[in-house]
Each structure stands twice: as C-alpha cells, then as structure tokens.
C-alpha cells in the first residue's frame, strides 16, 4: 500500500479478512484501500467493524486509528470515541487481568491472496462482499462483549478523561526503515504503536575517535507508548526509533496534549505520573548508583526521590555553597562548570543515569563547581536528610558513591590544574 500498489495490497488484506475476519488490522487496511477507490459506504462499514474487533482484541491504539480513518471520511465519530473510552476507562466492566490474546494472523505458508485476475470493479466488488460478510458474521454471532486487559496510562483515567486524551492523537503510517525519532533532535511528540514493530537504537561514541556504534535498546510492538519523555522535558532525544516493518502509529503533539490537560487536569496529572513511572523504570535498570541494591527493592527506593525540572542554563548546584541533596539525572544533560580567573569552563558533562551532588554530600564539604543544565533537564532529587536515611538502610550505596566522589574530585582537581580549558560560553548561568 505504501508503494502505491493498491490493488495488490487489497488482494492480500481482503483475503486475510475472508479467512479470519477477527483480525482488526486487516479490516482497517482493507477499508482504507476501499476508501482510496471511493467505496466510502463499504469503507465506513468496515472501519466500524475494525474498531469493534480492535476493542475485542484489547488494541486501543488500533481502534483509535480506525476512528482517525472514519474522521477522514467526514463521518461523525463521537459515538465511536465514546465506545472506545467506555471499553478501556477506569471502572469499565470489560477490564480484566485475564483477557484472552488477540487472534493470530493466518499462517503464511497456507495463505494466498485473492486471484490476480480480479482487477478494477471486480476486485472492489469482491472486497466489498467480504466486508459485508464479515460484518454479518460478527453481528450474527451473538457473543458477549470480549473482556480486555487494562492498559497503562489509559485505563487509569475515567471515561471523560480518556475520551479527551484519545482525541488528541492522529494516525500516521510509516514504511520500514523510517526514523520516527532521531537521536539528538528535540521532539514534542508522543507515539503509540497501533500495528507494527519498531526498534529503539542509540549511537554510542567509540574510544580512540572511531566511528560510533549502534546499540539496540528495545523492540516496540502493538500498544507500546514511546517518545513521551519529550512531554516532560525538551531535552534532545536520547535514542532513535526506527520502523522495522510498515507500521501504523498514533501521534500526539505537546500542544494538543497540553490543551487536553488544560480542560481535563486529571489527564495532565496522570500523564505526568506515567512519565515519571517510565523514567523511574529506566533508571532502575540503568543507573550505576542503584546497581548495588537488590532489584526488587529499587522501585520503592526510587519513589523516595522528588522530580525536579531545570531549564537550560539553570543551576542544579552552585559552587561554594552547601549541597542540599543528591540529583539522579533522568532526562537531559548537565555540565560541571569550574572557574579560573573569573571565567567559567566545562570540566565534564553528565547524562541520563549519572548523579551529581555526591562529592559534597559524601566528602561533607561545599560544592567545588557549578552544575548547570545544558538542555532542559529532569532529575530525581533526594534531599540531604533522606540521603542520610538512605545510606543507613543501604550501606552499599555509600560505598559506590564514595568511590565515585573520589574519582570526580580527582578529575575536577586535575582539570583545574591545567591551563587549557573549555570556556563555558554556551551556558547561560542563572
């Protein structure tokens, strides 16, 4: 379909519907192709069936994609949005932890598309017939509404809040190899995978000035939410996200979500809470400071931290002053900035998973450098009093922080003892 081979695509997708009418992605793609051929009535009928099947399979994003297609046809979708929100919202009678898995796609080895002799009006008539038959079979089954599994973020919202949130998403289709998110670029969008598969990849600079290598961090499949940290911080993207195969995505831009949160404050609260949970989950897996702690204890430990947001150029820590706590960098980047002859210079930069403030806290002295946000930065902050209580409960943290503090202190002293420094012209200190 992406290659504009629409008749060929229709032969495949309609054949899937004919063999297994419960596959929502096949229904939606078939109807999108019918709509392209101006078979609007059949497309509308099939999109609504695809929406029903997407709900039954627990795929809220794909149901929202069907709504987006209906909206493009000029159809009033208020009742459709209500139907999706009612199925997945908090307190929905359809929610259960024991939901059945979605229907599998037909086995490729036993599957063939519609005959290549079907072209033009004959192909469209056959596809329309298949959609009608699928609808009649669904309506005649008499089955009760399928139970669905609760979804993170979405199923925490009441119906009206969820309804407002899903209307903020638009639908896009991307080809294989498409970089949906590019590492290092700023972003203001969050995405959900409605159908497809993508990889999260990070380029890592090699030592000795070698070319950067690419590390695959995760695979994203149906229902995955990604890019949402851009809603909490305007820091450059920490990794790229690339489509492994053609995929249907939902995208919501920051301004659209902010408009929703302004009208429905509970949506903004839940979005922020969800982003924090994701942030904590990432740090629990990757932060070297937390590695000495038993994995089962890390989530509760990190919940003791407060979330703080710093704009570019804002100081987390000021040289010569007492440090009031420990910062664990969750998003963004900070610079350690010293001073020589009244001029600031960069000692080092730190990113996600690193800590700052440990030198002054562990060695019990005033800060010997400024810590400045290079980009908008989010940290998890532990006040001094909580820090003392933490190391009493988990002495292993103190050991790792002490080693880190000594290394950082030696690095700072070494840099400040040489005359060649990087002047911190790019940082506006406030």
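The values are calculated or read from the model by the stated rules, or taken from the named source; none is laboratory data. What you are looking at is a predicted structure, and each value in this text was computed from that prediction instead of being measured. Reconstructed Cβ throughout: ideal geometry from the backbone, glycine too, with neighbour counts over all protein chains shown.
Which members of the stretch 37-46 meet the condition of being farther than 11 Å from residue 131 by Cα and buried (at least 21 other Cβ atoms within 10 Å of the Cβ)?
Passing the criteria: none in range.
Here are some residues: 247, 331. Which one is modelled with pLDDT of 90 or more and farther than 22 Å from residue 411 by Cα?
247
Which residue out of 148, 200 is surrounded by 12 or more Cβ atoms within 10 Å (Cβ to Cβ) and either within 25 Å of residue 67 (Cβ to Cβ) or more than 16 Å from the chain's Cα centre (by Cα) (or both)?
148
Which of (1) free of Cβ contacts under 8 Å to residues at least 40 places away in the same chain; (2) in contact with a strand residue (DSSP E or B) (Cβ under 9 Å, 6 or more places away or on another chain) is the odd one out, the single condition residue 69 does not satisfy?
Result: residue 69 fails condition (1) only.
Taking the stretch 390-414 on its own, how many of its residues are farther than 18 Å from residue 357 by Cα and either touching a strand residue (DSSP E or B) at 6+ places or on another chain (Cβ under 7 Å) or modelled with pLDDT under 75 (or both)?
Number satisfying all stated conditions: 1.
Would you point out which residue out of 398, 361, 404, 350 is under 15 Å from residue 305 (Cβ atoms) and in the same structural domain as residue 312 (by TED's automatic domain parsing)?
361
Within the stretch 47-62, can one find any residue that is within 20 Å of residue 1 (Cβ to Cβ), in contact with a helix residue (DSSP H, G or I) (Cβ under 6 Å, 6 or more places away or on another chain), modelled with pLDDT of 95 or more and surrounded by fewer than 21 Cβ atoms within 10 Å (Cβ to Cβ)?
The answer is no; no qualifying residue exists.
Restricting to the stretch 187-203, name every residue that is under 19 Å from residue 245 (Cβ atoms) and either assigned by TED's automatic domain parsing to the domain that holds residue 65 or not in a strand (DSSP E or B) (or both).
Quick first cut of the stretch 187-203, residues under 19 Å from residue 245 (Cβ atoms) only: 191-201.
Residues satisfying the conditions are 196, 197.
Answer with yes or no whether residue 125 is without any contact (Cβ under 8 Å) to a residue 40 or more places away in the chain and either over 15 Å from the mean Cα position of the chain (by Cα) or in a loop (DSSP other than H, G, I, E, B) (or both).
Judged against the criteria, residue 125 is a match.
Would you list the strands (runs of 3 or more DSSP E) that sit entirely within the stretch 279-379 and hold 1 or more residues that are within 21 Å of the chain's Cα centre (by Cα) and crowded, with 16+ Cβ neighbours inside 10 Å? Can you show your working first?
Working: elements: 306-310, 315-317, 325-331, 334-340, 343-350, 370-373.
Answer list for the stretch 279-379: 306-310, 325-331.
Does at least one position in the stretch 179-186 carry a residue that is modelled with pLDDT of 90 or more, buried (at least 17 other Cβ atoms within 10 Å of the Cβ) and not assigned by TED's automatic domain parsing to the domain that holds residue 203?
no
Every residue, every condition in (1) over 28 Å from the mean Cα position of the chain (by Cα); (2) not in a loop (DSSP other than H, G, I, E, B), yes or no:
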site: 1; (1), (2): no, no
site: 26; (1), (2): no, yes
site: 35; (1), (2): yes, yes
site: 51; (1), (2): no, yes
site: 55; (1), (2): no, yes
site: 67; (1), (2): no, yes
site: 85; (1), (2): no, yes
site: 98; (1), (2): no, no
site: 109; (1), (2): yes, yes
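Could you look through the stretch 366-389, keep only residues that are more than 23 Å from residue 311 (Cα to Cα) and touching a helix residue (DSSP H, G or I) at 6+ places or on another chain (Cβ under 8 Å), and pick out the one that is modelled with the highest pLDDT? So that I can check it myself, show each step before the final result.
Step one: list which residues in the stretch 366-389 are more than 23 Å from residue 311 (Cα to Cα), which gives 366, 385-389.
Still in the running and touching a helix residue (DSSP H, G or I) at 6+ places or on another chain (Cβ under 8 Å): 366, 387.
Values: 366: 87, 387: 80.
The extreme case among them is 366.
Sort through 144, 168, 176 and tell me the only one that's modelled with pLDDT under 90 and either part of a loop (DSSP other than H, G, I, E, B) or closer than 30 Å to residue 375 by Cα (or both). Talk me through it step by step, then tell me what you get.
On the way: 168 fails: modelled with pLDDT under 90; 176 fails: modelled with pLDDT under 90.
Going through 144, 168, 176 in turn, just one is modelled with pLDDT under 90 and either part of a loop (DSSP other than H, G, I, E, B) or closer than 30 Å to residue 375 by Cα (or both): 144.
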